[in-house]
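Novice: Quick one: the structure is below, questions incoming.
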Amino acid sequence: MPYIDQAFYDDVYKGDPVNTDAFSRFAERASDIIDQVTNFALVSVDFNNLHPVIQTHVKKAVAAQVEYLSMAGTNAVHGETSASNVSIGNFSYSEGPDLAGLSREQRRISPAAISYLRATGLLNRGVSVIG
């Protein structure tokens, strides 16, 4: 179940517009990715009982991931992105950031989502912040 609805995305996060039909798919996939990144720490707890600051940061992380998926395309779910650098002989073309140094796992997650989650403590694998 997604952690956000389109009203949160549009009114609170104020993300780039996402088609209503695509939003539910992106929100579901984004929530799944956030669960994976946090080692499923949120799956076994009542989300509504978490501190409001943690709830807000998780929701913003999901919104950032929705925006990332919308902009990067659905292949980003699998860490696949279009070519950003192409060279043929003496001809070279570059578009967007150089993602060559990033792992497939790193390319599938929005850097903004990671930043929001960092503030929650949910990325710390050795310490539980949810009891």
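The values are calculated or read from the model by the stated rules, or taken from the named source; none is laboratory data. Keep in mind it's a predicted model, so treat the numbers as computed, not measured. Every residue, glycine among them, receives a Cβ derived from its backbone with ideal geometry; neighbour counts consider all protein chains shown. We work out accessible area using only protein heavy atoms, side chains counted, and drop any ligands, DNA or RNA first. Shrake-Rupley method; radii C 1.70, N 1.55, O 1.52, S 1.80 Å.
Novice: Testing ALA63 on (1) aliphatic (A, V, I, L, M); (2) modelled with pLDDT under 90; (3) closer than 27 Å to ALA7 by Cα, one condition comes back false. Which one is that?
Specialist: For ALA63, the failing item is (2).
Novice: State yes or no: is ALA41 open to solvent by less than 40 Å² (accessible area, probe 1.4 Å) and part of a loop (DSSP other than H, G, I, E, B)?
Specialist: Details: open to solvent by less than 40 Å² (accessible area, probe 1.4 Å): yes; part of a loop (DSSP other than H, G, I, E, B): yes.
Yes; evaluated as a whole, the condition is true for this residue.
Novice: So, in the stretch 26-70, how many residues would count as being of a type outside the set (A, V, I, L, M, F, W, C), within 19 Å of ALA119 (Cα to Cα) and in contact (Cβ under 8 Å) with a residue 12 or more places away in the chain?
Specialist: 7
Novice: Taking into account only those residues within the stretch 19-38 that are part of a helix (DSSP H, G or I) and of a type in the set (S, T, N, Q), which is farthest from GLN6 (Cα to Cα)? Step through it out loud before you land on a result.
Specialist: First pass over the stretch 19-38, keeping only residues part of a helix (DSSP H, G or I): 20-37.
Still in the list and also of a type in the set (S, T, N, Q): 20, 24, 31, 36.
Working: THR20: 8, SER24: 8, SER31: 13, GLN36: 22 Å.
Step by step, filter the stretch 19-38, then rank; the result is GLN36.
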